[in-house]
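**Q** Okay, here's the structure, questions in a sec.
The values are calculated or read from the model by the stated rules, or taken from the named source; none is laboratory data. It should be emphasised that the depicted structure is a prediction, and the values quoted were computed from it without experimental measurement. Cβ: placed from backbone, ideal geometry, glycine included. Neighbour counts: every protein chain shown. To get the accessible areas, we keep the full protein, side chains included, count just its heavy atoms, and leave off ligands, DNA and RNA. Shrake-Rupley method; radii C 1.70, N 1.55, O 1.52, S 1.80 Å.
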Number of protein chains: 2
Amino acid sequence: MSVGERRPPGARSASVKDVAATAGVSLGTVSNVLNRPERVSAATRERVERAMNDLGFVRNESARALRAGKSRTLAYVMLDATNPFFTDVAQGIELAAEAADLSLFICNSDNRASREDTHLGHLQQQRVQGILITPVDPEADSLDTIARHGTPLVIVDRIRHDESFCSVAVDDVLGGRIAVEHLIDRGHTRVAFVGGPLSIGQVDDRWRGAREAWAEAGLPEDALILIPTTALSVSEGRSAGERLAGLPSRRRPTAAFCANDLIALGLLQQTISSGRKVPGDLAIVGYDDIEFAAAAAVPLTSVRQPRHELGRMAADLVMDEADNPRHAHQQVTFTPELVARASTLG
Amino acid sequence: MSVGERRPPGARSASVKDVAATAGVSLGTVSNVLNRPERVSAATRERVERAMNDLGFVRNESARALRAGKSRTLAYVMLDATNPFFTDVAQGIELAAEAADLSLFICNSDNRASREDTHLGHLQQQRVQGILITPVDPEADSLDTIARHGTPLVIVDRIRHDESFCSVAVDDVLGGRIAVEHLIDRGHTRVAFVGGPLSIGQVDDRWRGAREAWAEAGLPEDALILIPTTALSVSEGRSAGERLAGLPSRRRPTAAFCANDLIALGLLQQTISSGRKVPGDLAIVGYDDIEFAAAAAVPLTSVRQPRHELGRMAADLVMDEADNPRHAHQQVTFTPELVARASTLG
DNA sequence: CAACAGAATTGAAACCTTTCAAGAGGAGCT
DNA sequence: AGCTCCTCTTGAAAGGTTTCAATTCTGTTG
C-alpha cells in the first residue's frame, strides 16, 4: 500500500505471510525478526523490516493472543467513573500496566451489578490476563465465577471476608479514627458522621473508626450522631446539611465527618449558602482528598488515601498472580493520612 | 470442570471442540447454537447448551476476532481522565457502545503525544473496530496513519482543518459569545478572559467569541482583557486570581469569563479566600458545567456542553464509518447553553 | 415404494501468529 | 576431502472460531 492511500474499511491488512513473500523469506524468519531479532542476520533483518514498512504491516494482536492462549491486556472495572478517587486509582494502574507493556481496558460499572456482570463477561471472553475490580458487592458470586475460570482477579478498595482473592485497600477504620481524633483535638464535643449506606463496607468501617476514637476519648456515646445518606454524592451532602441545620441548636453538632469528599462538598456548600460559617459554625472533614477538596471555597480537611499506590499495587498483584506459579493471595492495606485545611482550622 | 474448583492459572479452558465432543455433535453445530440457534433442533440445542454449562465454556473473543478480521471493540483515547468533562463524554460513548454490544477500551493520553501514540499503536494491533479520540494535536500525522490502515477514527471535541475525519464538537465561538453576552446583560463593562494557552483551538475559539460579542455591543476593545494561563487547571485559576487582584482598581475587571470550570473554581476560591465577594466584587462565568460547578461555594454560572450527546454521536459516527460502505465524513457541531447561577446573579 | 423437498448436521478450510525441531549453508579444523 | 560446529533459515503444526458447501436424515407426495 503506498503512502497516502487509505485502505478501504474492511479490506484485509498485510500479514506476516505478505511480509515474508515480499522480503523473500519464510514466515518463521519474519516472526524471528519480530520476536528474536538477534537470531536473524543483519541483512535479512533489514530486508524484512523494509518489507514491513512498505506494506504497512501491523501485528495482529488477536492472532497473537489466540496462539498464546491469553491476551496482553489487563482490565479495571471501575465502580464510578465520575468519582475522581477512582480515576486516580486507574491512573496508578495505567502506569503499572504501561511499564509492563500491557494494554488496559477500563470499564465502568456505574454502581450497577448488571453492568458489572456484562463487563466481566466481555473481559472473560477477551481472555484478559487479569482483572482489577472495585465491585458493587465484594461477596458477589460473579467474582468466584471469574476465578474458577482461572482469570486472576484483584479486589481494589474493598475487602472480601474469606480472603479468597488478593485485595488492596486502605485501612478505613484507621481513617475514621484519625478524622475524629482530629476533631476531638480541635475541641469538638458534638460531632456528626455523615454518610451511607452503611452496607458499603468502607462507610461502615469509617463509622466504626469514628466511634472507636470517640469512645476512647471518653466522650458520651450519644454526642456522636449518625446522619445517614443514601449515596456518596454531592446532592446527598446538601440534603444532609439541611437535616443538620434542622436540629435543635443545643443538640446540633459543631463538626461533621463525612464519608467522602463529595458529601463533604455538598455539605459545605449547603452550609455556606445558608449563611453559616465553616469552620465557625460547622467544621467539616471529608474523605479521599480529591483535587476539588483543596479547591473548595473553604479548603477541605480530608483523609487522603494513597490512590496511585493503591492502583499500582493492585496491578502488581494481578500480574504476579498471572505470572508466578507460587503466587499466594494477599491482603494489602495502606495507611491513610489526614490533610488538615481551613475547614477545620479556621 | 466441576463447580467450585478453580482452574489453575494457565490451564486451557474449554473450547467449542470440547463442547462438541461432550454433546456428541460436530463443531459446526455448536457454532450454530451460538450464532444461529434457529437452525438447530430444540433437542440438540439443549444438549449443546448443557454441555456448555457443564464445561464452563466461554467464547474466545481472540479467535472470533481473528476469524472475523476485526474485533468487537471500540476505543476512546481520552485527553485527560481527571477532567470530568471527558469522563462524561466517555459515559455517553459507553452507552452507545453497550447498546451496540461492543466493548470499549478507554485509554488516557494524559495530554502527552507519546502516550497517545503508544495507545494508538496498541489499538491498531487489537484491530479495534473504531477509534474515538480527543487528540493532543488534531493535525498530528499519527491520525492519518490510523486512517490509512483503514481504521475508522472520529475526532471528539476538536476539529481538524481539512475535514478528513468525522468530528463532533461544540461551537466554542458561540459558547464564548453567550458567556460574554450574559456578562454584558448583567451590566459589566470591564471583563477579563482567563485562560490559555491560546494554542488550544478551543480556548482560542472561546476568546474569539468573547471578542465578537464585545465588539458587537460597542464596548471599548481595551476593556476586555486577556489573563493568560499556561494550563486549564485549578491552580492556574488561583494564580490568575492573584494577578487580577493586583490590577489597579479602576482598570480591574468586574467580571471574569474563564476558559473552563477548573480555572473558574480556582479563581473563585482565590477570590473568596482573599476576602472579596462573588459576584459582588467579581462575577465569574466558567465553561463545561462540570458537576462541581453547581456544587461550588458560590454555584458557578457556566456554559454547558451536551457531553453525553457528544459521546453518543461520536460513537454513532464511528460505527457508521465501520459498517456503512457509503459513509461520508461529517463535522457535527453541538450548541452550548448558558446555565446562570449565583456567581453572576447574586 | 421411490422420489423428493426441506430441515438438520457435518467437515474442512480459513483467519494470523508463534514455536520448535529439523535442515541448509558456511567456516574452520584435521 | 571429510568432519564438526555454528549460524541462519525453513516448514509444519497448533490455537479457537466461523462459514459454507456438502451430506445425511425425516417426512411427505405421487
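**Q** Among B:87, B:73, B:82, which is closer than 21 Å to residue A:63 by Cβ and either assigned by TED's automatic domain parsing to the domain that holds residue B:294 or away from DNA strand C (no atom under 15 Å from the Cβ) (or both)?
**A** B:73
**Q** Within the bounds of the range B:95-104, is there any residue that is assigned to a helix (DSSP H, G or I), out of contact with any Ser or Thr (no Cβ under 8 Å at 6 or more places or on another chain) and under 30 Å from residue A:307 (Cβ atoms)?
**A** yes
**Q** Can you confirm whether residue A:125 is among the polar types (S, T, N, Q), buried (at least 22 other Cβ atoms within 10 Å of the Cβ) and within 14 Å of another protein chain (Cβ to nearest Cβ)?
**A** Spelling it out, it is not the case that residue A:125 is among the polar types (S, T, N, Q), buried (at least 22 other Cβ atoms within 10 Å of the Cβ) and within 14 Å of another protein chain (Cβ to nearest Cβ).
**Q** Somewhere in the range B:114-131, is a residue touching a Leu at 6+ places or on another chain (Cβ under 7 Å), aliphatic (A, V, I, L, M) and more than 29 Å from residue B:226 (Cβ to Cβ)?
**A** yes
**Q** Let me ask you something else. Exactly one condition in (1) on the phi < 0 side of the Ramachandran plot; (2) modelled with pLDDT of 95 or more is false for residue A:238; which is it?
**A** Just one mismatch for residue A:238, condition (2).
**Q** Return the residues of the range B:16-35 that are surrounded by 16 or more Cβ atoms within 10 Å (Cβ to Cβ), of a type in the set (S, T, N, Q) and within 17 Å of residue A:125 (Cα to Cα); say none if nothing qualifies.
**A** Scanning the range B:16-35 gives no hits.
**Q** Sticking with this one: I'm told residue B:116 meets every condition in (1) touching a Lys or Arg at 6+ places or on another chain (Cβ under 9 Å); (2) more than 10 Å from every other protein chain (Cβ to nearest Cβ) except one. Can you identify the failing condition by its number?
**A** Residue B:116 satisfies all of (1) touching a Lys or Arg at 6+ places or on another chain (Cβ under 9 Å); (2) more than 10 Å from every other protein chain (Cβ to nearest Cβ) except (1).
**Q** Looking at (1) surrounded by fewer than 21 Cβ atoms within 10 Å (Cβ to Cβ); (2) in contact with a Cys (Cβ under 7 Å, 6 or more places away or on another chain), which one does residue A:115 not meet, given that it meets all the others?
**A** Against the list (1) surrounded by fewer than 21 Cβ atoms within 10 Å (Cβ to Cβ); (2) in contact with a Cys (Cβ under 7 Å, 6 or more places away or on another chain), residue A:115 comes up short only on (2).
**Q** Just to check your reading of the model, which residue among B:306, B:279, B:253, B:248 is within 14 Å of chain A (Cβ to nearest Cβ) and of a type outside the set (Gly, Ala, Ser)?
**A** B:279
**Q** With the requirement that a residue be touching a residue at least 40 places away in the same chain (Cβ under 8 Å) and under 22 Å from the mean Cα position of the chain (by Cα), what does the range A:201-231 give you?
**A** A:201, A:202, A:203, A:206, A:207
**Q** Only one of (1) in contact (Cβ under 8 Å) with a residue 40 or more places away in the chain; (2) over 30 Å from residue B:73 (Cα atoms); (3) within 14 Å of chain A (Cβ to nearest Cβ) fails for residue B:297. Which number is that?
**A** Of the numbered conditions (1) in contact (Cβ under 8 Å) with a residue 40 or more places away in the chain; (2) over 30 Å from residue B:73 (Cα atoms); (3) within 14 Å of chain A (Cβ to nearest Cβ), the odd one out for residue B:297 is (1).
**Q** Here is a follow-up. Need the failing condition index for residue B:287 against (1) of a type outside the set (Asp, Glu); (2) touching a residue at least 60 places away in the same chain (Cβ under 8 Å); (3) surrounded by fewer than 24 Cβ atoms within 10 Å (Cβ to Cβ), just the number.
**A** For residue B:287, the exception is condition (3).
**Q** Cβ-Cβ below 8 Å, separation at least six or inter-chain, first residue in the range A:302-323 and within 15 Å of residue A:131 (Cβ to Cβ), second polar (S, T, N, Q): which pairs?
**A** Cβ pairs passing all conditions: A:311/A:91; A:317/A:330; A:318/A:129; A:319/A:129; A:322/A:129.
**Q** If you take the residues in the range A:53-76 that are assigned to a helix (DSSP H, G or I) and closer than 13 Å to residue B:125 by Cβ, which one is most open to solvent (accessible area, probe 1.4 Å)?
**A** Out of the qualifying residues, it is A:64.
**Q** I would also like to ask the following. Within the range B:307-323, can one find any residue that is more than 17 Å from the chain's Cα centre (by Cα), open to solvent by less than 50 Å² (accessible area, probe 1.4 Å) and under 20 Å from residue B:202 (Cα atoms)?
**A** no
**Q** Which residue pairs have Cβ atoms closer than 7 Å, lie 6 or more positions apart in sequence or on different chains, and pair a first residue in the range A:23-38 that is on the phi < 0 side of the Ramachandran plot and without any contact (Cβ under 8 Å) to a residue 24 or more places away in the chain with a second residue that is within 7 Å of DNA strand C (Cβ to nearest atom) and open to solvent by 60 Å² or more (accessible area, probe 1.4 Å)?
**A** As it stands, the answer is A:27/A:17, since those pairs meet every condition given.
**Q** Over 26 Å from residue A:144 (Cβ atoms) and surrounded by 15 or more Cβ atoms within 10 Å (Cβ to Cβ), is that true of residue B:47?
**A** Judged against the criteria, residue B:47 is a match.
**Q** Moving to a separate point now. Pull out all pairs, ordered by first then second residue, where Cβ-Cβ is under 7 Å, the residues are six or more apart or on different chains, the first lies in the range B:145-162 and is closer than 23 Å to residue B:175 by Cα, and the second is of a type in the set (Asp, Glu) and open to solvent by less than 20 Å² (accessible area, probe 1.4 Å).
**A** none
**Q** Right, something else. Only one residue in A:12, A:6, A:64 is more than 7 Å from every other protein chain (Cβ to nearest Cβ) and not polar (S, T, N, Q). Which one?
**A** None of the other options fit; the residue is A:64.
**Q** Inspect all residues belonging to the range B:92-107 and state whether any of them is in contact with a Gly (Cβ under 8 Å, 6 or more places away or on another chain), surrounded by fewer than 18 Cβ atoms within 10 Å (Cβ to Cβ) and more than 9 Å from chain A (Cβ to nearest Cβ).
**A** Looking for residues that are in contact with a Gly (Cβ under 8 Å, 6 or more places away or on another chain), surrounded by fewer than 18 Cβ atoms within 10 Å (Cβ to Cβ) and more than 9 Å from chain A (Cβ to nearest Cβ), one finds at least one in the range B:92-107, hence yes.
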